[in-house]
Amino acid sequence: MEKKRIIFDLDGTLLTADFTNLMNYFTRLFGEEGMLFYNNLVYKYLDEYEKEFHQYDRNSLSKFLTTRSGLEFTPSMVDDWNDIVASIPQKQENGVYSMLEQLAIHDKSLVVLTNWFRTPQLERLKRAELLDYFDQVISGEEYLKPHREAYMAAKGGYSYEDVIFVGDNLEKDYIGPKSYGMDAILYDKNNRNHHSIVKMKRLGELKRRI
């Protein structure tokens with residue numbers, strides 16, 4: 001069945017960011033421990049938070065990071081973090097513009113479901129000149145993947161058969177939506193995942209796949 005609504009992840013799917021400025025921020029904050037904190041953040045802390053909590057909140061996130069890291073992390077640091085993310089160097093994934101143009105021409109409903117705070121993610125989409133393509137941007141302040149309510153919010157009033165999820169994270173963008181009855185395609189540009197997974201290496205493949 002032809003899909004009517006396509007739900008996209010943001011980071012690693014539509015945009016790829018250079019987080020060096022963020023890493024440098026944590027190093028300035030915590031000295032030698034800053035690099036370890038940043039690595040744990042990327043590979044552990046945020047995944048743990050997203051499984052435990054259903055929304056991003058500056059107070060709960062700061063308390064969680066303080067507990068997990070043993071470092072004093074305040075809500076104002078979350079604010080600074082968001083300011084850095086909003087202006088971080090980034091580039092569009094290859095084929096994003098042409099893909100979105102094709103989908104818009106064919107009157108598809110396009111949605112972004114992103115696990116981060118709303119304001120910096122909107123700013124990033126604006127800077128990339130992508131925001132106007134989307135009917136809706138759902139952020140982690142509202143719902144978090146891999147919880148069911150995030151996928152249901154992105155699905156909206158469409159039937160399961162009419163919706164497909166596209167993202168680069170195996171757990172949150174592929175296994176998650178499929179476990180709740182939604183079709184998904186994994187954006188796997190480096191071909192790292194098992195051949196049995198429904199995936200694509202180039203965003204330009206999407207139009208003929210849906």
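The values are calculated or read from the model by the stated rules, or taken from the named source; none is laboratory data. Since the model is a prediction, treat every value here as computed from it, not as a measurement. Neighbour counts run over all protein chains shown; Cβ positions are idealised from the backbone, glycine included.
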- prompt: In region 47-72, how many are among the hydroxyl-bearing types (S, T, Y) and free of Cβ contacts under 8 Å to residues at least 12 places away in the same chain?
  reply: 3
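Would you please name the residue that is farthest from P146 (Cα to Cα), looking only at residues in region 180-210 that are without any contact (Cβ under 8 Å) to a residue 12 or more places away in the chain and exposed (fewer than 14 other Cβ atoms within 10 Å of the Cβ)?
R208
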- prompt: Are there any pairs, at least 6 apart or on different chains, whose C-beta atoms fall under 6 Å, with the first in region 27-46 and in contact (Cβ under 8 Å) with a residue 24 or more places away in the chain and under 19 Å from W116 (Cβ atoms) and the second of a type in the set (F, W, Y) and surrounded by 14 or more Cβ atoms within 10 Å (Cβ to Cβ), and if so, which?
  reply: F37/F26; F37/F30
P146 being at pLDDT 95 or above, more than 24 Å from I88 (Cβ to Cβ) and in contact with a strand residue (DSSP E or B) (Cβ under 6 Å, 6 or more places away or on another chain): no
message: If I filter region 20-39 down to residues being surrounded by 13 or more Cβ atoms within 10 Å (Cβ to Cβ) and not hydrophobic (A, V, I, L, M, F, W, C), which single residue comes out as farthest from the chain's Cα centre (by Cα)?
response: E33
Boolean, V78 is in the same structural domain as M23 (by TED's automatic domain parsing) and surrounded by fewer than 16 Cβ atoms within 10 Å (Cβ to Cβ): no
statement: Listed by first then second residue, the pairs whose first member lies in region 99-113 and is in contact (Cβ under 8 Å) with a residue 40 or more places away in the chain and in the same structural domain as M200 (by TED's automatic domain parsing), whose partner is surrounded by 13 or more Cβ atoms within 10 Å (Cβ to Cβ) and among the small types (G, A, S), with beta carbons under 7 Å and at least 6 positions apart or on separate chains, are M99/G204; V111/A154; L113/A150; L113/A154
message: On the basis of being under 19 Å from L22 (Cα atoms), buried (at least 19 other Cβ atoms within 10 Å of the Cβ), at pLDDT 95 or above and out of contact with any Gly (no Cβ under 6 Å at 6 or more places or on another chain), does L130 make the cut?
response: no
field: Count of residues meeting criterion [more than 13 Å from the chain's Cα centre (by Cα) and either free of Cβ contacts under 8 Å to residues at least 12 places away in the same chain or assigned to a helix (DSSP H, G or I) (or both)] in region 144-158
entry: 6
message: Looking at region 1-19 only, could you name the residues that are under 12 Å from the mean Cα position of the chain (by Cα) and of a type in the set (A, V, I, L, M, F, W, C)?
response: I7, F8, L10, L14, L15, A17
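Residues are listed down the side, and each one gets a yes or a no for (1) closer than 23 Å to E48 by Cα; (2) aliphatic (A, V, I, L, M):
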position	(1), (2)
E171	yes, no
Y180	yes, no
D183	no, no
N193	yes, no
S196	no, no
R202	no, no
E205	no, no
I210	no, yes
- request: Taking Q121 as meeting all but one of (1) in the same structural domain as I175 (by TED's automatic domain parsing); (2) farther than 23 Å from N24 by Cα; (3) of a type outside the set (V, I, T); (4) in a helix (DSSP H, G or I), write down the number of the exception.
  value: (2)
- request: Test M99 against the criterion of being surrounded by fewer than 19 Cβ atoms within 10 Å (Cβ to Cβ) and either closer than 23 Å to Y174 by Cβ or aliphatic (A, V, I, L, M) (or both), and give yes or no.
  value: no
